[in-house]
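The values are calculated or read from the model by the stated rules, or taken from the named source; none is laboratory data. Remember, it's a predicted structure, so these values are computed and weren't measured experimentally. Note that each Cβ is placed from the backbone with ideal geometry, even for glycine, and that neighbours are counted across all protein chains shown. Ligands, DNA and RNA are stripped out before the accessible areas are found, and what is left, the full protein with its side chains, is counted by its heavy atoms. Shrake-Rupley method; radii C 1.70, N 1.55, O 1.52, S 1.80 Å.
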Amino acid sequence: MATPVLDKVEADSAASPYITVTFRVRRFNPEVAAEASWQDFVLEIDPKERVLDGLHKIKWDEDGTLTFRRSCAHGICGSDAMRINGKNRLACKTLIKDINPEKPITVEPIKGLTVLKDLVVDMEPFFQAYRDVMPFLITKDTNEPTRERFQSAEDRERFDDTTKCILCAACTSSCPVFWNDGQYFGPAAIVNAHRFIFDSRDEAGEQRLEILNDKDGVWRCRTTFNCTDACPRGIEVTKAIQEVKRALITRRF
Amino acid sequence: MKIHKYDTVIVGAGGAGMRAAIESTQRSRTAVLTKLYPTRSHTGAAQGGMAAALANVEEDNWEWHTFDTVKGGDYLVDQDAAEILAKEAIDSVLDLEKMGLPFNRTPNGTIDQRRFGGHSRNHGEAPVRRSCYAADRTGHMILQTLYQNCVKHGVEFFNEFYVLDQLLVEVDGVKKSAGVVAYELATGEIHVFQAKAVIYASGGTGKFFKVTSNAHTLTGDGQAAVYRRGLPLEDMEFFQFHPTGIWRMGILLTEGARGEGGILRNKDGERFMEKYAPVMKDLASRDVVSRSIYTEIREGRGCGPEGDHVYLDLTHLPPEQLDAKLPDITEFARTYLGIEPYTDPIPIQPTAHYAMGGIPTNVEGEVLTDNTTVVPGLYAAGEVACVSVHGANRLGTNSLLDINVFGKRAGIAAANYSQKADFVELPENPESLVVEQIERLRTATGNERVAELRRELQETMDANVMVFRTEQTIKTAVEKIADLRERYKNVSIQDKGRRFNTDLLEAVELGNLLDLAEVMAVSALARKESRGGHYREDYPNRDDVNFMRHTMAYREVGDDGAESIRLDYKPVVQTRYQPMERKY
Ligand SMILES: Cc1cc2nc3c(=O)[nH]c(=O)nc-3n(C[C@H](O)[C@H](O)[C@H](O)COP(=O)(O)OP(=O)(O)OC[C@H]3O[C@@H](n4cnc5c(N)ncnc54)[C@H](O)[C@@H]3O)c2cc1C
């Protein structure tokens, strides 16, 4: 006998779990038309499914030209940040039932980065800002220890929150300052600087702070908390930015 | 078409690819081609930890780790490679710490360690704390740390470049690597990368199963590229089914949950693993636990109205411990199942997880063209490769280790080779195979759909070559796959454009999955025994007389153009451990 196969969801029960929803998707393909436009797709979907499942249904069964990035499908790889009903979310972490399926669900690319096709944006400026904060451990040891460096559990805890970042850009592309001026480092780069500034093993805190002291640095932050709302990893982004600002004033970290 | 020239080209920017890149970039002009942005790689999904006998919290040593790896792999492990893995584990964890990886710490400030399946003290006496971890996001931290260090070393990435072909050229009777051909997602342009050395680090192939912990993008592209060029694939019948995937979705809940004290229970609330593995219980090796779960389900002790899953029970663990040690997986349960793990058990089922087989290499990462001959200039490391340190069943935490140990080795070996070797001249029209493939798909008008064929493939794989197999189920799969391969010739796509054509690439990826599924099924059919992840109900015992050997599968093309698979076998390297009966 073969491995028992799970019955298909359809066979589940007399009361079908499926509901009808409309996905209203922002489409753009410069190979076809110069302007972006909205397109509606009506789907039968289990409300416990993800927005990503809905997009896959469209792509796989209706319109193969619909284009978006995705990989792990459970909120870890950071590929599928998009604007869902006007809020930055990961499509794979947003269940249909949690976003009022009664009304059309709008899906758009994240803002502030150039749209290349449908939901795909140019991520290069985002990664450039990240690289600019020197996102790697810098130590001055001339002889590396043979074993691990010591770090107390409390020191490790100090920067735990900002280690969770998956570089999905949901925070940066939710920030009104970034929308207006792409030169601003943006929350994600600051979060990643924070991760090193507050790591007891790192010795380049001053240098990183100087980078963020720049005119396009932390002082541009207007504390609107959009970033904290948007973060799919639950990072307290605004708090991290505040801590960096405070460190710049007190030079203590 | 564009031609690029690099000393070393690395295919893939997961853990193995980036670990290799850090070494190779410092020694040779290196390009990393990756179909995903590096930080999107599936290494980031790894949760539980990375094994190394640091002995930070209790007595441990690399020899015990080697033994567990060999036993865990049901003695199909090449023991010389396992010894390297276990010995170099210690430095590879320390390397990562020095690169900045934020491991969890013990009260004395050293790297903390926890229990994991199959890892034991003194050859099976009791579970040992060997897994180094960062909460339940160890893979995320490894991927981030390696990417950070690639930024530091100025590694040159070609992001969203899909490698679709391997160039092999015969020079004086020796088959050598000349480079690779890649497709650029953003533009649809074809790029030929001439390189003295190529390292495949393109990850696994789990997407031919339906219920899987693997990303959509894990489609075995690297394995398929070399296989199609006549190089063998080793031990492809061995695939690991992880016991605890979220019911129906397959999303992984780390074994670390059981390492922290989680318990599997059937519908009667019974801790059933006590029956199957009296010593290691819930922490027996994965193949054993997955079979036990399905045995419970088949014998009517599964949970839910359909009796098709069991529970992972964490409710007896203090909420603070769950928050500190397992924050991500408890959140998965809340997000995807609406379940509160503090108070309710989590419905789980085995999920297709890890390819033990892959491109055969020696311990330097050099790719083999038969049982002994290497292909100069060609390397592989990570899940795409088969060294073989995992044999018939990989132990938890040994893959994050594998990608670091053998990624580093391959990076150094490839760069050393490209420092002294010359470029191999490119064949005439090096891009032709890829151009033909892409154009055929772009202009095809057949009536078969990619998504439908993939669905049917995944269903037949789940039904027929998963945890339990028989001659009959495997034959059913072989026939179905042959049928799907025929129908694939009539596949057409809707997106005919050049820009970000993911419709096209999904079709290419499906072609790879079909080729590899066939190799898996054919290899499984021929292995008339049960060993590790390959369990044949019609041959329930391990047969060391006939099958203590690695499978080597070759693609053959007849004069009439008909394709077939030829199977050969390669001896297992045994050093200190004689095969014994495997009990946990
Ligand atoms: C959910 C989950 C949890 C896990 N937990 C653990 C754990 O706790 N401990 C442990 O030891 N192991 C664990 N594993 C296993 C381990 O994470 C993987 O085996 C390992 O990370 C694979 O690394 P890799 O570098 O070989 O491949 P990946 O990280 O998958 O990277 C593959 C790379 O190849 C690239 N690529 C693929 N195809 C192409 C192509 N055609 N052209 C160009 N580039 C390409 C991709 O872009 C990607 O960068 C887990 C696995 C999963 C799925």
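Expressed as a fraction of 2.2 N^0.38 Å, the C-alpha radius of gyration for the stretch B:241-352 is 0.96.
The distance between label points at B:Ile3 and B:His123 comes to 5.9 nm (points 7 Å beyond Cα on the Cα→Cβ vector).
Taking 7 Å steps out from each Cα toward its Cβ at A:Lys97 and A:Thr22 produces label points 2.4 nm apart. Per residue, the Cα convex hull of the protein assembly as shown amounts to 156 Å³.
Distance between the pseudo-spin-label points of A:Thr223 and A:Lys87 (7 Å out from Cα toward the beta carbon): 2.3 nm. Entry note, chain A: relative contact order of 17 percent, from Cα contacts under 8 Å with a spacing of 6+ residues. Partner lysines whose Cα lies under 23 Å from the Cα of A:Lys215, excluding those fewer than 8 positions away in the same chain, are identified as A:Lys111, A:Lys239, A:Lys245.
Label point of B:Gln419 set 7 angstrom out along Cα-Cβ; within the stretch B:347-373, amide nitrogens under 18 Å from it belong to B:364-366.
Taking Cβ atoms as reference points and 9 Å as the exclusive limit, the residues near A:Cys92 contribute a net charge of +1, counting Lys and Arg as +1 and Asp and Glu as -1.
Accessible area of B:Leu94 (1.4 Å probe, protein heavy atoms only, ligands and nucleic acids ignored): about 10 Å². Do any of A:Lys57/B:Lys210; B:Lys325/B:Lys583; A:Lys87/B:Lys35 go past 20 Å between their Cα atoms, and which? B:Lys325/B:Lys583; A:Lys87/B:Lys35, as the Cα separations exceed 20 Å there. For chain B, averaging the sequence separation of C-alpha pairs within contact (under 8 Å, six or more residues apart) and dividing by the residue count gives a relative contact order of 21 percent. Projected over every direction and averaged, the convex hull enclosing the alpha-carbon atoms of the stretch B:72-128 yields 5.1 nm². Within the listed set A:Ala189, A:Ala34, A:Ala129, the residue fluctuating most in the Gaussian network model of chain A (springs between alpha-carbon atoms under 10 angstrom) is A:Ala34. Taking a straight Cα-Cα cut-off under 16 Å and skipping sequence neighbours fewer than 8 places away in the same chain, the aspartates and glutamates within cross-link reach of B:Lys71 are B:Glu63, B:Asp80, B:Glu83, B:Glu125, B:Asp287, B:Asp543, B:Asp544, B:Glu581. Of the residues in the stretch B:27-66, those shielded by at least 40 Å² of accessible area once partner protein chains are present, compared with the chain alone at a 1.4 Å probe, are B:Tyr37, B:Arg40. For the stretch B:115-151, accessible area lost to neighbouring protein chains reaches 40 Å² or more, against the chain alone with a 1.4 Å probe, at B:Arg137, B:His140, B:Gln144, B:Tyr147, B:Gln148, B:Val151. Altogether, the Stokes-Einstein calculation at 20 °C and 1.002 mPa s, with the Kirkwood radius of the stretch B:103-145 over Cα pairs as Rh, returns a diffusion coefficient of 189 µm²/s. Given +1 at the Cβ of Lys and Arg, -1 at the Cβ of Asp and Glu and no other charges, the dipole of the stretch B:188-291 around its Cα centre is 180 debye to the nearest 20. The residues neighbouring B:Arg566, those whose beta-carbon lies less than 12 Å from its own, together hold a net charge of -3 under the Lys/Arg +1, Asp/Glu -1 convention. Converting phi to 3J(HN,Hα) with the Karplus coefficients 6.51, -1.76 and 1.60 and the offset θ = phi - 60°, the stretch B:531-537 yields 7, x, x, 9, 10, 9, 5 Hz in sequence order, with x at every glycine or proline. Taken over the stretch A:62-165, the ratio of Cα radius of gyration to 2.2 N^0.38 Å equals 1.52. Taken over the alpha carbons of the stretch A:18-121 as equal point scatterers, the Debye sum produces base-10 log I(q)/I(0) values at 0.16, 0.18, 0.19, 0.22 Å⁻¹ of -0.63, -0.81, -0.91, -1.24.
Contact-buried residues of the stretch B:313-339, at a threshold of 10 Å² lost accessible area versus the chain by itself: B:Asp328, B:Glu331, B:Phe332, B:Thr335, B:Tyr336 (1.4 Å probe; DNA, RNA and ligands ignored). How charged is the neighbourhood of B:Met461? Take every other residue with its Cβ under 12 Å from the Cβ of B:Met461, and add Lys/Arg as +1 and Asp/Glu as -1. Around B:Met461, the surrounding residues sum to +2.
Our compactness index for the stretch A:170-233, the C-alpha radius of gyration over the empirical 2.2 N^0.38 Å, is 1.13.
Find the cysteines in chain A that fail to meet the 4.7 Å Cβ criterion with every other cysteine, and list them. For chain A, the answer is A:Cys92, A:Cys165, A:Cys168, A:Cys175, A:Cys221, A:Cys231, because their Cβ atoms have no other cysteine Cβ under 4.7 Å. Using a probe of 1.4 angstrom and keeping all protein chains present, the accessible surface of the protein assembly as shown works out to 34 square angstrom per residue.
Between B and A, roughly 6400 Å² of accessible area is buried in total, ligands, DNA and RNA not counted and the probe set to 1.4 Å. When the Cα positions of A:Cys77, A:Gly186, A:Cys92 are compared along the charge dipole of chain A, A:Gly186 comes out farthest toward the positive end, with charges on each C-beta of Lys, Arg, Asp and Glu. Decide, for the stretch A:73-126, between rounded, prolate and oblate: order the square roots of the alpha carbon gyration tensor eigenvalues as a ≥ b ≥ c, take rounded if a/c falls under 1.5, and otherwise choose prolate if a/b is larger than b/c, else oblate. Taking the square roots of the gyration eigenvalues as a ≥ b ≥ c, the stretch A:73-126 is oblate. Centre-to-centre separation between the Cα atoms of the stretch A:219-235 and those of the stretch B:54-73: 44 Å. Annotation: lysines with alpha-carbon distance below 19 angstrom to B:Lys496 (same-chain offsets under eight excluded): A:Lys59, A:Lys117. Rg/Rh for chain B: what does it come to with C-alpha atoms and Rh from Kirkwood? Reported Rg/Rh (Cα atoms, Kirkwood Rh): 0.95. If only the Cβ of Lys and Arg carry +1 and only the Cβ of Asp and Glu carry -1, the dipole of the stretch A:18-121 around its Cα centre is close to 480 debye. Put simply, the convex hull of the Cα atoms in the stretch B:432-548 casts, on average, a shadow of 8.5 nm². For the stretch B:515-554, the relative contact order works out to 34 percent when only alpha carbon pairs closer than 8 Å and six or more residues apart are counted.
Surface listing: B:Tyr342, B:Tyr569, B:Tyr227 arranged by accessible area from highest to lowest gives B:Tyr342, B:Tyr569, B:Tyr227, probe 1.4 Å.
At full extension, B:Leu567 and B:Glu63 could sit 178.1 nm farther apart than now, given 0.36 nm per residue minus the alpha carbon distance.
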